[in-house]
Amino acid sequence: MRILLVEDDVDLADAVCSYLRAKAFVVDVVGRLDEARSALLTAEYSAVLLDLHLEDGDGLALMPSVRALREQPAVIILTARDQVSDRIRGLDAGADDYLTKPYDPEELLARLRAVQRRSGGGEAVVQLGSLQIDLAHDMVRRDGVPVVLTQKEWALLRVMAMRPERIHTRDALQDALYGFSDEADSNTLEVFVSRLRRKLGREHIQTLRGLGYRLAFSAPAT
Amino acid sequence: MTRRGRPARLADRLARTLMLWVGGVWLGCVVGATWYVDREINQHFDNEMIESAHRMVDIAVHDLDQASAGGKLDPAGLPLLAREPIIDDDPVIFQLSDAGPRMLMRSREAPSAPFPVPLRAGFADTGPWRVFTVVHPTRPLYLQLADPLAERREARNGTLLGLMIPLLAVLPLLALMLRRIARRELRVVQELEGEIARRSGSDLSAIALDQLPAELSSVGEHVNRLLGRLERALDTERSLAANAAHELRTPLAAVRLRLQTALDQGLSRADVQASLDALATFGHRADKLLQLSRAESAGSFARQSVDLVLLAATVAEEFWSSEAASRRLDLEIAESGVLPARGDVDSLAIALRNLVENGLRYGGDARVRIEVVAPCVLVVRNDGPGVPAATLETLRHRHVRHTRDAAGYGLGLSIVGTIVDKHGGRLDLSSPPPGHEHGFEARITLHPAATEAAAA
């Protein structure tokens, strides 16, 4: 897995580089936005680790160049800016993840593994309490027993299981269903969610009013 | 203190404006008075002319008849000269004509040419004269009495001058007086200016307000409030510097010792791991201190409208990224009625993050739940062991640590307390929460953004 590290602090860049190389990643390091732009054009990356405070500008200025690529790498922002508004801004700009300095190296590794999982390589099993979702083989087990899902139900679950930490908006989930039918009216989503709940256990899909749905570990004891 | 290049003094500006207005109004009054006096003078002179004309017509016709009977009329037809009046201080100017018109008689001062006005009863103006024509009641004879207009003009100008001279004399005096009064009354402004100028980093004492008039007193109050905030901010900075030194240097010292030991004794795993742990503590404390400094030094938080649902969701997602937290943290949002709160999204996020962190850290293995409750309430609750009632009171004080492991535990809650205070909100801590057997609940009640908009 090839990674582009955009970081202008030489010491930190060195440290991240040797850590990730020791974990068998291929890492290229650049210190400036313009270098990053040309690097994106010369090699195909699975992930970009992006510092926001760069000497020639705001790291988010790189986002349009990333989006213009045919094979878009995942972007993980690594920054000292820990304000929640910065985080919202970064995710709105299209970043996939956001880590604040000083981050735990293991945390960084976990995020990169998640990117790997989403791009189809490596481990692809999400364990949610009694639920085991195998993304590589399109398999779900509840208490070890395989659950049979229709294509649409699976499409919905896949979107949520790819990013179990996120709240998934109705729009994003509806997009997942869109490819399957032309009669995708607004009730369709609720119908499929309730079918999924019946098959996987009510407690595993939480509704958040006004926001969307999320996969939950187990029943909140209310 | 040099005055060169400074803007004009307030007192002088005030005096100048007042003078312009007083002078203007006075001038207006003079013009009005002149108009009135002019009218009165004209009326008075006209009345006199009418009276003398009526008197003169009788006398003149009588004299003309006597002259004509005595054959004293000029054979060439030149008009007869009227008799000299006995008292000759204000000569009467008249001409007596018949319907011809032929001038039959004139007074000595009257011009020999007839007045160029028609022979009709009433007033008419001609060049330097105002002429009044009166018709004899029984015979076709006309008496024309003339009065020089210059006389009236003189009378009017005299009056005008009499009014203007005192004005011109008094205005400069008035100007001086107004300026003196304005300067004296505005001296308090200068005094206040001096007081404010004397304040500096070493003297932030409040300004005495009892001598000041209402408007300035409120200015002074604002300045005092500003000074107060500045002083508190400086205090925070000082105490933070002192605390930071302690909080940060201790774990750093530990790291150095551990690493040195590791180097000296062949890189033992335990020593390196311990350095990592000490560094984690260091990082955590640095975070807390940064947050505290942000929370305390901010005078007042940006008053935006904050979507509490989005805020809670963003903070929850941050924690859900780690699997351990994801297992234990729930988010619950009220079905309806949640309003946007007035405040600053970043500092509220810091507060919420601290509460969740505390819940995850000290709640044992219990679940932690973020709730967004209508209208503007954020609740963080855990069903852990909770804290004893006596501890609950001291929790909000800075640097109170309750367990050995509790890096910045009390610091976290005091950050939350500061942020909530600056939002004008309320932080309620309860253990166990109402309706629960055990656990700990922190409840932040904020003001809805909508009420402010409605009140404004």
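A short reminder: the numbers here are calculations on the coordinates, not readings from a lab. Source: prediction; values computed, not measured. Reconstructed Cβ throughout: ideal geometry from the backbone, glycine too, with neighbour counts over all protein chains shown.
Can you give me the angle between helix A:10-22 and the longest principal axis of chain A, using Cα atoms only, in degrees from 0 to 90, rounded to the nearest 10?
50 degrees
Which residue, chosen from B:LEU96, B:HIS62, B:TYR36, occupies the Cα position most advanced towards the positive end of the dipole of segment B:4-100, where the dipole is computed from +1 (Lys, Arg) and -1 (Asp, Glu) charges on Cβ about the Cα centre?
The Cα lying farthest towards the positive end belongs to B:TYR36.
If you count the DSSP beta bridges with both ends in segment A:40-136, what percent of them are antiparallel, to the nearest 5?
Of all bridge pairs located within segment A:40-136, approximately 45 percent are antiparallel.
Using label points projected 7 Å from each Cα along Cα→Cβ, tell me how many nm separate B:GLU151 and A:ARG118, to one decimal.
Each label point is offset 7 Å from its Cα along the Cβ direction, giving 11.2 nm.
Assuming 1.306 mPa s and 10 °C, estimate D for chain B with Stokes-Einstein, Rh taken as the Kirkwood radius over Cα pairs, in µm²/s.
Translational diffusion coefficient: 48 µm²/s.
Based on DSSP, what percent of beta bridges with both residues in the protein assembly as shown are antiparallel, to the nearest 5?
If I count the DSSP bridges inside the protein assembly as shown, around 70 percent turn out antiparallel.
What distance in nm separates the simple spin-label points at A:LYS199 and B:VAL22, each placed 7 Å from Cα in the Cβ direction?
9.6 nm
Once you have the Cα-Cα distance between B:LEU263 and B:LEU163, take 0.36 nm times their residue separation minus that, and quote the gain in nm to one decimal.
That works out to 25.3 nm of additional length.
For the ranges B:131-137, B:287-293, what's the packing order if you count other beta-carbon atoms within 10 Å of each residue, average per peptide, and put the highest first?
The packing order, highest mean first, is B:287-293, B:131-137.
Using only DSSP helix segments of four residues or longer, with each worth -39500 (n - 2.57), what per-residue ellipticity at 222 nm results for chain A after dividing by its residue count and rounding to 500?
-12000 deg cm²/dmol
In debye, nearest 20, what is the charge dipole magnitude of segment B:277-360 about its Cα centre with +1 on Lys and Arg Cβ and -1 on Asp and Glu Cβ, if you could check?
I would put it at about 280 debye.
Based on alpha-carbon centroids, what's the gap between segment B:162-212 and segment B:321-382 in Å, whole number please?
For segment B:162-212 versus segment B:321-382, the Cα centre distance is 58 Å.
Could you tell me which residue out of B:VAL170, B:SER200, B:GLN190 lies farthest along the dipole of segment B:169-229 toward its positive end? Charges go on the beta carbon: Lys and Arg +1, Asp and Glu -1, centred on the Cα centre.
Working it through, the farthest residue towards the positive pole turns out to be B:VAL170.
First measure r as the distance between the Cβ atoms of B:VAL373 and B:GLU193, then evaluate 1/(1 + (r/R0)^6) with R0 = 51 Å and state the FRET efficiency to the nearest 0.05. Please list the in-between numbers first.
Numbers: r = 51 Å, r/R0 = 0.99.
The computed FRET efficiency comes out at 0.50.
Once phi is turned into θ = phi - 60°, what whole-Hz ³J(HN,Hα) does the Karplus curve with 6.51, -1.76 and 1.60 give for every residue of segment A:49-62, x standing for Gly and Pro?
Karplus values, whole Hz, x for Gly and Pro: 9, 10, 7, 8, 9, 10, 5, 9, x, 7, x, 5, 5, 7.
Helix-only mean residue ellipticity at 222 nm, chain B, DSSP H runs n ≥ 4 weighted -39,500 (n - 2.57), per residue, nearest 500. What is it?
Working: 11 runs with 253 residues, N = 456.
Here the helix-only value at 222 nm equals -19500 deg cm²/dmol.
Stretched out fully, how many nm does the piece from A:ASP175 to A:GLU190 gain, at 0.36 nm a residue minus the Cα gap? Don't skip to the end; give the middle numbers.
On the way: separation 15, 0.36 × 15 = 5.40 nm, distance 1.36 nm.
Gain on stretching A:ASP175 to A:GLU190: 4.0 nm.
Wrap a convex hull around the Cα atoms of the protein assembly as shown, take a quarter of its surface area, and give that in square nanometres.
One quarter of the hull surface, i.e. the mean projection, equals 62.1 nm².
Nothing charged except the Cβ atoms of Lys and Arg (+1) and of Asp and Glu (-1): what's the magnitude of the dipole of the protein assembly as shown about its Cα centre? Round to the nearest 20 debye.
So the dipole magnitude of the protein assembly as shown works out to roughly 880 debye.
Across all directions of projection, what mean area in square nanometres is found for the Cα convex hull of segment A:1-58?
With every direction weighted equally, the projected area is 3.6 nm².
Can you spot the lysines whose alpha carbon is less than 24 Å from B:LYS288's alpha carbon? Ignore those fewer than 8 places along the same chain.
By straight Cα distance, B:LYS288 reaches A:LYS101, B:LYS422.
Hydropathy first: keep DSSP H helices in chain B averaging at least 0.0 on Kyte-Doolittle, then drop any whose Cα extent along the axis falls short of 27 Å, and list what survives.
The answer, listed by residue number, is B:10-69, B:149-185.
Shielding by partners for A:162-171, please: the mean number of other protein chain Cβ atoms within 10 Å of each residue's Cβ.
Average per residue, whole number: 3.
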